[in-house]
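Engineer: One structure coming up, written as structure tokens, with questions to follow.
None of the figures in this text is laboratory data; all of them are computed from the coordinates on show. The structure presented is a predicted model; accordingly, all values stated were derived computationally and were not measured. No Cβ is skipped: glycine too gets one built from the backbone with ideal geometry, and neighbour counts run over all protein chains shown.
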Amino acid sequence: MHLSFKSRLITFVLASSLVAGLSACGGAEEEEGSAEVTVALSNLAVFSQNVRQSPWNFNPASVLAGTSLLGTPAAAPTGFSIRIKSITLVEDQDCGDCTIPIGDNIGEVGFLWTNPDCPKGSDDADCEDISYFDLNRASAAVNTELNAQAASITPGTYKYVKFGLLGEQSGANNTYNNTRWSYAPGEVTDKQFASIQTEWAAAFAEPLEVADGDQVTLTVSYDLDSIVEANATSEEKVAGNGIYQPGAADDCDTVSSVKTCIFFPTISVTAATQ
């Protein structure tokens, strides 16, 4: 049996002539010591585009491509969007053993992108109406949005790349809807929920050393192919019980006695310096 997958690469470029953390409405200020960074979001495995165009033309092979944590069939969502406040490089984090690399920032933080409707440093309450960022869009559309800004990174050593979602200030007690998903075979359509995972982070295999004048390419990879659990038996994560709740789904929906759940995808990051 042949499975047809499509990989999608999404890029935005950060110019080297502006101050790190430049907000959408701020001005440019020259500084010595900066590095040019190119970032790519890479969707590792997305089943055929016709599933999105005609949701009921569902390819059963995509269900067999993976299984959930509990062994039931897993598939890709027909839609997955998140509300992103910012994308940053982080020197270090206070995250214990870092089983999942999310914790309080330590040291230098370089802002790669800030949501135009949620300037750097804004409270969640000031950003509750920001738009959803569709991770399944064509590359050209994503590039248009992300390349609207420019920023630079201060030379240094960075261990993590982090996506800050709406609700990050509330952490595991988040009440702000920040994730939207759909899944046609289960008739789950544009369901929104307040994800307890309010930061999407990945650690570099080795700390990223950024020197003055470097040109660095980051590739952030994620896989949506098997994050939906069809005929689910999982329970949802419970607010207030922490981010790391093994085996618990991020959100579930029941239609005609059929329960369908989604698990927030993990990300990985690699870097190449020219």
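Engineer: Output ³J(HN,Hα) for the stretch 260-274: one whole-Hz value per residue in order, computed from phi by the Karplus curve 6.51 cos²θ - 1.76 cosθ + 1.60 with θ = phi - 60°, and x for Gly and Pro.
Structural biologist: Couplings: 10, 10, 10, 10, 4, x, 8, 10, 10, 9, 10, 9, 9, 10, 7 Hz.
Engineer: Per 0.36 nm of contour for each residue apart, how much would the distance between T273 and L44 grow if the chain were fully extended, relative to their Cα-Cα spacing? Provide the component values of the computation, followed by the final result.
Structural biologist: On the way: separation 229, 0.36 × 229 = 82.44 nm, distance 2.19 nm.
Taking 0.36 nm per residue and subtracting the Cα distance, the gain is 80.3 nm.
Engineer: Under a plain spin-label model, where a point goes 7 Å from the Cα along Cα-to-Cβ, how far apart in nm are D94 and T157?
Structural biologist: 2.0 nm
Engineer: Leaving out same-chain residues fewer than 8 places away, which lysines sit with a Cα under 22 Å from that of K162?
Structural biologist: Reachable lysines: K85, K120, K237.
Engineer: Show me 224-233, 120-129 ranked by packing, highest mean number of other Cβ atoms within 10 Å first. Mind dumping the intermediate values first?
Structural biologist: Details: 224-233: 20.7, 120-129: 14.0.
Per-residue Cβ counts within 10 Å, averaged per peptide and sorted highest first, yield 224-233, 120-129.
Engineer: Report the FRET efficiency, 1/(1 + (r/R0)^6), for N241 and D190, where r is their Cβ-Cβ distance and R0 is 22 Å, rounded to 0.05.
Structural biologist: Efficiency, rounded to the nearest 0.05: 0.25.
Engineer: Would you mind calculating the gained length between A125 and V255 on full extension (0.36 nm times residue separation, minus the Cα-Cα distance), in nm to one decimal?
Structural biologist: So the chain would gain 43.6 nm between A125 and V255.
Engineer: What ranking do 153-166, 234-247 get when scored by the average of other Cβ atoms within 10 Å per residue, highest first? Don't skip to the end; give the middle numbers.
Structural biologist: Working: 153-166: 21.9, 234-247: 13.9.
Listed from highest to lowest mean packing, they are 153-166, 234-247.
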